[in-house]
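Notes for the one structure printed next.
The values are calculated or read from the model by the stated rules, or taken from the named source; none is laboratory data. No experiment lies behind these values; they were computed from the predicted model shown. Here the Cβ positions follow ideal geometry from the backbone for every residue, glycine too, while neighbour counts run over all protein chains shown. Accessible surface areas use protein heavy atoms only, side chains included; no ligands, DNA or RNA. Shrake-Rupley method; radii C 1.70, N 1.55, O 1.52, S 1.80 Å.
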Amino acid sequence: MNTVQGPTDRVVIVGAGLGGLSAALRLAGAGRQVTVLERASVPGGRAGRRELAGASGTYRFDTGPTVLTMPDLIADAFDCVGESMEDWLTLRPLDPLYRAFFPDGSRLDVRADVEAMAAEIAATIGPAEAAGYRRYVDYVARLYTLEFDRFIDSNLDSPLGLLTPELARLVAMGAFGRLAPRVDRYLDDPRTQRVFSFQAMYAGVSPQQALALYAVISYMDSVAGVFVPEGGMHALPVAMAAAAQAHGVDFRYDTDVTSVERDGDRAVAVRTADGERIPADVVVLNPDLPVAYRDLLGIEPWSVRRLRYSPSCLLLLAGSRAGYRQIAHHNLHFGRAWREVFDDVVSGGRLMRDPSIFVSDLTHSDPSLAPDGGHAYYVLLPTPNLTADIDWRTEGPRYAQEAMGVLEDRGYIGFADGVEVLDVTTPLDWQACGMERGTPFAAAHTFTQTGPFRPGNRWGQNVVFVGSGTQPGVGVPMVLVSGRLAAERAVREHLVAEGRRPERIPQHSRKRI
């Protein structure tokens, strides 16, 4: 494994997103002097917080991911500084993980407990489908076991790093075939097929095009479980930053970094918008990888220029007086179309003609996020990214109104009338926040943008990247792992040279299957 060259005493991390915070905790635990520079006033990056004042009071919304899985990865980051996650963050398991609504009027509660989920499927669809679900869980659990250590939780310098016994087993399991046909081998009903393959959208491709190995995403949430932090998802970066600060990490908010000063292929300092120069032995970059290359390093490698990007999304944050007893915390509303949704958004450059919509009632588990009797709704609709010829200045408001009409048709009676405050985020807004092509989901996980084929997490002698644009990829678990991989790049070899045990950087304490 290639590691950072030269001294590593002073580390400057640009960006206090989840990847940067994961790296900060690990590097602080390794005894480095760590400074985190964040342009916002709070930590979190994409996992931010927005507060909107309505007539009845203030509504608080998460602005990024709302689905939290694999909490052992979070616990491991805290453990790197000798802290217990439970002392800083309260997580509650969700049950159901999701509630899925289908156009025929049926619904399915997705549960982490395999027997409870099998019973749910048997009651809604039939015992044969429940048996297929059990076989599918066994399949994705074996995939996860083979993939995580060697291919997700490892720094891969070249495709040769894939040549392991696990690779042969994955090939034998059909992991490099397509996801949808693999799911269909186990599940016959279109409802379960959708519930266990919609996660491909997170990877930026359709289930028909995604590799079967991405079935591990459905393992991470639909089998391993989904959790909600007390105070919302933004409580996670707040807790991580507080723990890091307690162990000596210097956080400087409202600090806009404009460039990385280089001497050839070595970073020597970062410069801020107010003219300050901050020397560094190692620079960790948390901005979206293409933006970090272009705007901070002043270069654009071929590996970045050739990237294909994931779809984007329209996000509605709605503070409402209207409540709905039929919904859970996370809700999936599928239209009659399925393949057509991906054809529209992924390849067609069109808005969904028959939308599938994700709705979170953030107050379902934490009423403190809204005034008494209010609800904080997070409504997400997949859309094309800015590669498509869509004028979001006009389409944004129009599509937001259309989305509220679709919600009314899907059972949210009186939704628009109950809204006190509304905030709409379009791909143009994501771009303004520093996300390439206006997508919060980064580069798509096509075969040529997966594993060692994805842009690497190291440049030059001492620049390291974290976040969804680099390895291993998109999603909260992957971004947390990216922080661990960055820390390993930065200090593992140096800890060995110092005669110190490096295990706390490359290994974590997650529970094995």
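Restricting attention to the range 388-428 and to residues that are in contact with a helix residue (DSSP H, G or I) (Cβ under 8 Å, 6 or more places away or on another chain) and among the charged types (D, E, K, R), the residue that is farthest from Tyr59 (Cα to Cα) turns out to be Arg393. When we screen Val36, Val12 for residues that are of a type in the set (Val, Ile, Thr) and touching a helix residue (DSSP H, G or I) at 6+ places or on another chain (Cβ under 7 Å), the only hit is Val36. Does the range 7-18 include one or more residues that are touching a residue at least 24 places away in the same chain (Cβ under 8 Å), buried (at least 22 other Cβ atoms within 10 Å of the Cβ), under 23 Å from the mean Cα position of the chain (by Cα) and part of a helix (DSSP H, G or I)? Looking for residues that are touching a residue at least 24 places away in the same chain (Cβ under 8 Å), buried (at least 22 other Cβ atoms within 10 Å of the Cβ), under 23 Å from the mean Cα position of the chain (by Cα) and part of a helix (DSSP H, G or I), one finds at least one in the range 7-18, hence yes. Within this structure, Arg185 fails the test of being among the basic types (Lys, Arg), free of Cβ contacts under 8 Å to residues at least 40 places away in the same chain, under 27 Å from Gly456 (Cβ atoms) and assigned to a helix (DSSP H, G or I). If I go through the range 123-141 residue by residue, how many of them are β-branched (Val, Ile, Thr) and closer than 17 Å to Ala212 by Cα? Of the residues in the range 123-141, 2 are β-branched (Val, Ile, Thr) and closer than 17 Å to Ala212 by Cα. In this structure, does Asp417 turn out to be more than 23 Å from the chain's Cα centre (by Cα), in contact (Cβ under 8 Å) with a residue 60 or more places away in the chain and open to solvent by 20 Å² or more (accessible area, probe 1.4 Å)? So Asp417 passes the test.
Counting only strands (runs of 3 or more DSSP E) wholly contained in the range 190-303, the ones carrying 1 or more residues that are farther than 30 Å from Gly82 by Cα and open to solvent by 50 Å² or more (accessible area, probe 1.4 Å) occupy 257-263, 266-272, 277-279.
Strands (runs of 3 or more DSSP E) fully within the range 82-170 that include at least 3 residues being modelled with pLDDT under 95: none found.
Residues that are open to solvent by 40 Å² or more (accessible area, probe 1.4 Å), of a type in the set (Gly, Ala, Ser) and outside any loop (DSSP other than H, G, I, E, B) within the range 34-80 comprise just one, Ala53. If you scan the range 454-470, which residues turn out to be charged (D, E, K, R) and open to solvent by 20 Å² or more (accessible area, probe 1.4 Å)? Within the range 454-470, Arg458 is the sole residue that qualifies. The residues on offer are Gly499, Gly438, Gly451, Gly473, and the sole one that is modelled with pLDDT under 95, buried (at least 20 other Cβ atoms within 10 Å of the Cβ) and more than 13 Å from the chain's Cα centre (by Cα) is Gly451. With (1) in contact with a Pro (Cβ under 6 Å, 6 or more places away or on another chain); (2) at pLDDT below 95 as the list, and Ala269 as the residue in question, which single condition is left unmet? Condition not satisfied by Ala269: (2). Within the range 391-443, the residues that satisfy the criterion of being within 30 Å of Arg306 (Cβ to Cβ) and among the hydrophobic types (A, V, I, L, M, F, W, C) are Trp392, Leu428, Trp430, Ala432, Cys433, Met435, Phe441, Ala442, Ala443. Within the range 164-187, if we keep just the residues that are open to solvent by 30 Å² or more (accessible area, probe 1.4 Å) and aliphatic (A, V, I, L, M), the residue that is farthest from Ser206 (Cα to Cα) turns out to be Ala168. Just so you know, in the range 101-118 the residues that are under 12 Å from Arg410 (Cβ atoms) and either in contact (Cβ under 8 Å) with a residue 24 or more places away in the chain or of a type in the set (Lys, Arg) (or both) include one that is least open to solvent (accessible area, probe 1.4 Å), and it is Phe102.
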